[in-house]
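Worksheet: one structure, shown below.
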């Protein structure tokens, strides 16, 4: 199965195999002192462009 990312250099959508996609979690504390968590899928395109895609927790858990 493939995951679809948007490549800014090519200005088009590209499909990357699931095996090449990694999941990352970004935790940030806001000015109010609240904690915010963002879930990100990362990959690298064939031309070397780094690709990022924000996702929800359910998709993130399936990659972890």
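Considered as a group, the residues in the range 47-61 that are surrounded by fewer than 11 Cβ atoms within 10 Å (Cβ to Cβ) and farther than 13 Å from residue 25 by Cβ include one that is farthest from the chain's Cα centre (by Cα), and that residue is 47.
Scanning the range 23-34 for residues that are at pLDDT 95 or above and either more than 23 Å from residue 62 (Cα to Cα) or touching a helix residue (DSSP H, G or I) at 6+ places or on another chain (Cβ under 8 Å) (or both) returns 23, 25.
The values are calculated or read from the model by the stated rules, or taken from the named source; none is laboratory data. No experiment lies behind these values; they were computed from the predicted model shown. Here the Cβ is made from the backbone with ideal geometry for all residues, glycine too, and neighbour counts use every protein chain on show.
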